[in-house]
């Protein structure tokens, strides 16, 4: 293998050779090189995180018809660095009666739960952290640790608003894990494996084409998991004085904020991997892993842009509306879609590829249409119950 | 190579610690925490027996998946009961909930 | 005495971490801290499962225990406290008897197990091309295997769901 085909393995072998040349034990050198690789990936991710802050602020500015940061550096590119310096030199307070260990551990756990997700993301056909055969479930497991971090933050701040914000955020995250997990099963059904690399390799047609409703439900559940608008009631400044974030200032708040942006970028990446083909682009990824990384980054940024677009377009939803939406609409729809997908997959398993794609696409459209009709009739009944039947009939003319 | 005895001793120790928690704590929720530890010890035992005997026989893993389901059911109902009892009696100390109806 | 292999060292570290966290669960006064020590115990057990090559069980342990059950405990602790402080002794008056019983159970179990012939056996290597998830999935839904306990467990979960909601419902 040459440098062009597999740069990381060449570099790792060279470095191991250097270490064993210095007289280090072979196993120990291997572990040390792996550790250096992890450190390198985390550093690259944190630098990407910094530029995500710039992207976020420019995009929100353009949505709101203004310019955004344009003073510090060309196009305001160094503005996030100024942000970081500001956050670092701020005073790192801890509330008086707060539980100090738990209070300081929460932002670290929150950032950790995002960074460990990148261990299973395949950046290229030969470049991935670990080839876990339960990679898809690992996504949910990392979300579980993030949930724990938020409830720790909410409780340890010794502040009633923080606790309510933390409770609500955790209730939303735990509730929306169910449709997300169900929709993660759809690429698993198509690819026949929970291994993320196998899912990418199985996408000869993008799974978004075969199962658009699945991709849509996954996106909605992912946005709720991230705690971004329209599901960010727990952080709303007008509702809860920024929820579990209240007592955090300085770099601890920076960890939460940057962690949230990196989490959104990671979920954009997972949306791209699971439903849009990951690092594949009509065979371009076979040429070199560098192209594969660029393709994946581009698709992840597109996914991140869709998440930002939803955030800056839609209004915030109330907590009881959020939970009712999940338990009464999204979860039954997710289960119904999984049943329909499994059934159609079994029925069409021997059909040619175009028939398979067409059949699954039509099944998705029909399921979505039926769900919307049920929701519409339920909404009409609700409106009649509240306003009285006379007004509803008048509104129909 | 790790001999199986190490895993079994770990499971037994975890079970013993959980038993200590159940027998000696006053708070009802802390008793449920002890029960959690005991169920985890059982699961470690099951999975280690799966690994150290025929790996193709999935009974050990199936059993431990069923134990997961049973644990989840037991914890949710138990905590619901504790919360409901707290609303009536205003205490979670197991010793103080000693009258059936008053 | 021969040097321990890396696997043995890792097992000893993880086992010490798990048992230490379990001890903190049953002895700490602050109940929220006890729930958080339970989280670290469960994480240690998940690493033990990964050491036993049961990676599906390890990930499911994190998702279900840490992601749902531990969160449930923390919620329950926060909903059942009259104030933010913990008061009164946290072990009841017979705690020494409980300690003796627990120690007896532990020694009894170890004594029973060490009479078993396979007690010090080492693990066989995994066969190549081994797909534990496929085999587990087949075992759970195949009529010759465990589909009946699987379905009964799902009915049990439904009953627990309905029961828990009904018991904890706040009828105001």
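The values are calculated or read from the model by the stated rules, or taken from the named source; none is laboratory data. The model shown is predicted, which means the values in this text are computed figures rather than measured ones. Heads up, the Cβs are rebuilt from the backbone with ideal geometry, glycines too, and the neighbour counts pull from every protein chain shown.
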So for segment C:126-142 (the condition being in a loop (DSSP other than H, G, I, E, B), more than 9 Å from chain B (Cβ to nearest Cβ) and at pLDDT 85 or above), does at least one residue qualify? yes
Segment B:1-55, subset at the interface with chain C (Cβ under 7 Å from one of its Cβ atoms) and part of a loop (DSSP other than H, G, I, E, B), residue modelled with the lowest pLDDT: B:1
Which is surrounded by 13 or more Cβ atoms within 10 Å (Cβ to Cβ) and not in a loop (DSSP other than H, G, I, E, B), of C:157, C:112, C:97? C:157
Scanning segment B:56-76 for residues that are more than 8 Å from chain C (Cβ to nearest Cβ) and assigned to a helix (DSSP H, G or I), the one modelled with the lowest pLDDT turns out to be B:60
Can you give me the ranges of the helices (runs of 4 or more DSSP H) entirely in segment A:196-312 with at least 3 residues that are farther than 21 Å from residue A:123 by Cβ? A:212-226, A:237-240, A:251-275, A:289-311
Condition first: farther than 30 Å from residue B:27 by Cβ and either part of a helix (DSSP H, G or I) or facing another protein chain (nearest Cβ under 7 Å) (or both). Can you find one or more residues in segment C:28-39 that meet it? no
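Conditions tested, residue by residue: (1) at pLDDT 90 or above; (2) exposed (fewer than 15 other Cβ atoms within 10 Å of the Cβ).
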| position | (1), (2) |
| --- | --- |
| A:6 | no, no |
| A:23 | no, yes |
| A:27 | no, yes |
| A:32 | no, no |
| A:42 | yes, yes |
| A:46 | yes, yes |
| A:67 | no, yes |
| A:71 | no, yes |
Identify all residues within segment B:69-102 that are in contact with a helix residue (DSSP H, G or I) (Cβ under 6 Å, 6 or more places away or on another chain) and farther than 30 Å from residue C:29 by Cβ; write none if there are none. B:69
Over segment B:86-102, the set of residues touching a residue at least 12 places away in the same chain (Cβ under 8 Å) and more than 9 Å from every other protein chain (Cβ to nearest Cβ) is B:97
